[in-house]
Every structure is written in structure tokens, then in C-alpha cells.
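The values are calculated or read from the model by the stated rules, or taken from the named source; none is laboratory data. Fair warning: this is a prediction, and the values are worked out from it, not measured in the lab. Positions of Cβ are backbone-derived with ideal geometry, glycine not excepted, and every protein chain shown enters the neighbour counts.
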Amino acid sequence: MTRSSRGDGDYYATLEVDRSASAEEIKKSFRRLALAYHPDRNDSSDAEAKFKQINEAYAVLSDPEKRQRYDRYGRSDSVSDPFQSGGVNANDLKDIFGDDLFQSLFSTLFGGGQSRRAAPPKELRAKVSVTLEEVLSGVEREVKVKRHGACESCQGSGAEGGRKRPCSRCKGRGQVSVNRGFIVLAQPCPDCRGKGVDPAASCRPCQGQGVKMSEAMIKVNIPAGVDVGYLLRVRGEGHASLGHPQRSDLIFEVDIESHQDFDREGVHLSCQALAPLDLLALGGTLSVPLLGSGKAQVKIPPGTSSGQALRLKRKGLPQVGSSQVGDLFVYVEVEVPKVLTAAERELLVAWRSLRENTDSADEPLEGDEGLLSQVKRLFKR
């Protein structure tokens, strides 16, 4: 029996399979070719026609009854519109391409006409600066941010005066249908750019967007122990967008102000403290300020070198979400008097003389007070 000449080639050749191909082989070849020739993915002039042929061929060969009739009689009017009753099933195509590709390739073919959901607004990012003292204890801060919010002039409708007039081309749907052969695709309306509002009646202050930039004061809780670059998420306080029910999240990036007395390394702090020469030589205790408030006594062993670090445990910063607390490292520096009295100068000269002549180092000066005791008294002034 002679086959009809309707169409371009036979269905097996269109799907690039043998006449003995299994249903799975036909399905696999159809998926590959449909992705390759879809008009939205292929810019060649014959892509649309090829895509139509591929879908028509699959609609017949994927149906056992239609395939049997086609194998026997060839093309006929009975298979001229394969997507009518008994044609390709939407669930079958979803199984082949997955939900996302199905929506992209056959967006309005099955139960069509549905508008795409409005894209969610982008996250808003801002910086918040805190002091080292606030890092120690944590703080609640109110920060001014600029974000997109509903336009007051149109109450977020995008229409002048808030009275939305539907776009005459898409009838307010925001999308128009485009025929690609017998495939129907949905695209944003070129007149209203997908907003569904008559461009001539768009709100001027927001240019029909329904949203515009405004300032807002946002409270953010900054936990103790945060470091530079720490990110804090405040849900639902970011940008708003037309057609989307919720604001995006607001992400704060922490910056920490420098401190005149303390340096930071992770959870540890460091500072410098001046100590008199006799205290470094003979040992003792030195009072040092702590971050925030209060003081602590640091023990100085005899013979401590200038610039040596002494540790005060758990006097640093807390770690976020942990009970761990860092240490404070005190770098002691010798304090040299800038102005000396005659008596002080005499004592220092005598001490230098003793250091140069170690044999006389234990000889006392005039009176009962030894040299080191007098030097100690000197540097405590």
C-alpha cells in the first residue's frame, strides 16, 4: 500500500530511529531532538518546522495503536493532528523532560494560558558597623537602609492613581501566546512588558514598576563575638517587587571599628602597658585596663624583658554561639622617665657604674638603703 505524501519524510526518519526501534529508544531520541530544535533554543530558520515535525512524529510513534496504523497505512488524515484526542499525554512529556523543561518547552500546550509567577525580589545587602566594646557584649542596632517598597502614588499597582487599566494587547494577563507550528508558547507581552497594565496609564513616580526606592530603619540584633564579615540575616526586610507577596531578606555584613588601645586576633585581644624598670627587673604586679570597663592585675615575673607578652586568661572576646572566651595578651614596655632630678641622675650613674664593675655590685650606698631599692623608688615616681 502506498503511503501518503503528506509531511516531510517518514516519522522514523524524522526521529532518527529504525522501524524496529523500541518505545524507550523512540522516547530517548525524541527528547534529544526536541531539545536540539526547540525554537527558543535554536535560532536557525528551519528550527520551528523541524520542531513541529519531531513532535508530530513522536505523537504517532509513541502511541502503540497509532504506530501500528501508521506502519500499515502510512500518514493519513487520522493522524494529521496528533495532539488532539488520544495524542501525546502531558504526564508522558513531563516524564521525558522533567517539570522544569516541560514548562519551558510546552508552557501553554496543556492547560495553557497561565501567567508566570512574578520573580521574587533580590536580597538586600547592607553593612553595619560596631565597636569592639559592642562585640564584647552584643548590641541591638537600628540601621538606615534603602530598599524597594510599594509606590505610595499607585499603592503598588503600577497604574496611575492606583486604578489599573488592563493592557489592551494581553487583556491584563501580562503574557501573549505565540504559535510555533501547532505548539503554543507563552511570552511576556511586548506592549506592557509582562505587567498587564496599559503603558499609557502607568504610574509616573515609579514608571509602572509598582515599587520605588525608599528609606527604612531596621533593627538588627548583633550577637557578642562577631568578627569582620560576619553575616546577619533579617527575614522579610529586604526589597519588595511588583506581583510578589513577600519582601526578600536583608543581609547585614558586620564591620568593626578600630580601637585605640586594643587589637584583635580572633577571640584574643592584645594591648600595650608601660611598666617601670624596677618592676620588670624585680617583678611584681601591674594594673591594666580591660576592654569595656574595669581593671585586672597582671603578674610580672622578675627579669621580664621589655616587649614580652603576658597572658590574662578569659579576658578576651567571646566566640559566637559558644561558651569559649579568648585571652588578653599584655605586652609590657619599660617606662623611661623623660626628666630626671639631680638625685635620680646620681642614682642611675651609680647603677651604671656598678653594672660595669660587677665586683662592687653588692656594696651598699651611703645609708641603709641599697642601690636597687633606691632605683626601685626612683622609677615609681
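In the set 229, 208, 225, only one residue is part of a loop (DSSP other than H, G, I, E, B), without any contact (Cβ under 8 Å) to a residue 60 or more places away in the chain and closer than 30 Å to residue 326 by Cα; that residue is 229. Among the conditions (1) under 32 Å from the mean Cα position of the chain (by Cα); (2) modelled with pLDDT of 90 or more, residue 261 misses just one, which is (1). Against the test of being modelled with pLDDT under 85, in contact with a helix residue (DSSP H, G or I) (Cβ under 7 Å, 6 or more places away or on another chain), of a type outside the set (S, T, N, Q) and not in a helix (DSSP H, G or I), the options 83, 97, 51 yield a single qualifying residue, 83.
Under the condition of being aliphatic (A, V, I, L, M) and buried (at least 18 other Cβ atoms within 10 Å of the Cβ), the residues counted in region 326-346 number 3.
Among all residues of region 126-148, there is at least one that is modelled with pLDDT of 80 or more, in a loop (DSSP other than H, G, I, E, B) and polar (S, T, N, Q). Among the residues of region 197-207, not a single one is buried (at least 20 other Cβ atoms within 10 Å of the Cβ) and either within 17 Å of residue 141 (Cα to Cα) or modelled with pLDDT of 85 or more (or both). Considering only region 223-253, state which residues are within 23 Å of residue 318 (Cα to Cα), surrounded by 17 or more Cβ atoms within 10 Å (Cβ to Cβ) and among the small types (Gly, Ala, Ser). Answer for region 223-253, where residues must be within 23 Å of residue 318 (Cα to Cα), surrounded by 17 or more Cβ atoms within 10 Å (Cβ to Cβ) and among the small types (Gly, Ala, Ser): just 225.
Name the single residue, out of those in region 311-357 being of a type in the set (Phe, Trp, Tyr) and in contact with a Ser or Thr (Cβ under 9 Å, 6 or more places away or on another chain), that is farthest from residue 266 (Cα to Cα). The extreme case among them is 331. Looking only at residues of region 18-58 that are surrounded by 17 or more Cβ atoms within 10 Å (Cβ to Cβ) and hydroxyl-bearing (Ser, Thr, Tyr), we find that the one that is nearest to residue 71 (Cα to Cα) is 58. Consider residue 274 carefully, then state whether it is in a loop (DSSP other than H, G, I, E, B) and over 30 Å from residue 138 (Cβ atoms). For residue 274, the condition - in a loop (DSSP other than H, G, I, E, B) and over 30 Å from residue 138 (Cβ atoms) - is not met. Out of everything in region 277-321 that is part of a strand (DSSP E or B) and of a type in the set (Gly, Ala, Ser), what residue ends up being farthest from residue 335 (Cα to Cα)? Once the filter is applied, the top-ranked residue is 296.
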